[in-house]
Amino acid sequence: AVATVVYTTLYTGIKAYHRTQAQLQLNRDINQIAEKLSVELRNSVRPYALMFDEGGSGQLGDERSLSFFTIHNAYTEGGMRKGVARMSYVFHDGTLFKKQQLDGDAFLDEDEFDEVALLTNIESFYFNYFSSEGSGEEENVARWQPAWSCKKEMPRGVRMEVVWRDPATDTRVDIKKYIVIEQGVLSCPESGS
């Protein structure tokens, strides 16, 4: 009887320890992803500054993906230099992927992206965009929107919501990350999206 109590207590403690470690690791992983995304968004550049035509690709986002151009630091034989990169964060099939094209490749078709899986076992994932898109009375009310279609500017903010489940411990974690984009706008300029 004493052995059963000791075993049960030890087993419960070990299970709680593993669950806590999984949650801590997930928090670290998501914080790293959010910090990298935050830096990339804060360094974002307007597509028209890169000589895109009105119909060209630009910053586009919906609940499952976000694409934009950014300035990145590249390490070369000649030292550190800045370059243009096209980034896409895409959620599908329970995984968050980061796709990127660097320098001259940034202007190629999206099919040519280098793709890396950032986070797996995601139960649900959403991007939202802080803006005042709307019509009538709601036009000037800033709130979190499910999409950003303006090709000329970035939104004022991006929110990333993740619900993750560890299959080994059946631990579920809900996390929201907010990124403020100082150069972002609350609504798309009238000259077109």
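Once R0 is set to 41 Å, what does the formula 1/(1 + (r/R0)^6) return for the Cβ-Cβ distance between Arg28 and Ala3, expressed as a FRET efficiency to the nearest 0.05? So the FRET efficiency works out to roughly 0.65. Taking all protein chains as they are arranged and a probe of 1.4 Å, the heavy atoms of Arg156 leave approximately 90 Å² accessible to solvent. Solvent-accessible area of Phe68, all protein chains in place: 0 Å² (probe radius 1.4 Å, heavy atoms, ligands and nucleic acids excluded). Residue-wise HN-Hα couplings along the stretch 12-26, as the Karplus relation 6.51 cos²θ - 1.76 cosθ + 1.60 with θ = phi - 60° gives them from phi, are 4, x, 5, 4, 5, 4, 5, 5, 5, 5, 5, 5, 5, 5, 4 Hz; Gly and Pro carry x. Where Lys and Arg each count +1 and Asp and Glu each count -1, what net charge lies around Ala168 among other residues with Cβ under 12 Å from its Cβ? With Lys, Arg at +1 and Asp, Glu at -1, the net is +1. Rolled with a 1.4 Å probe across the full set of protein chains, the surface gives Lys176 an accessible area near 110 Å².
The values are calculated or read from the model by the stated rules, or taken from the named source; none is laboratory data. This one's a predicted model, so the numbers in the text were calculated from it and none came from an experiment. Ideal geometry is used to build each Cβ from the backbone, glycine not excepted, and the neighbour counts take in all protein chains shown. Protein only, heavy atoms only, side chains kept; ligands, DNA and RNA dropped before computing areas. Shrake-Rupley method; radii C 1.70, N 1.55, O 1.52, S 1.80 Å.
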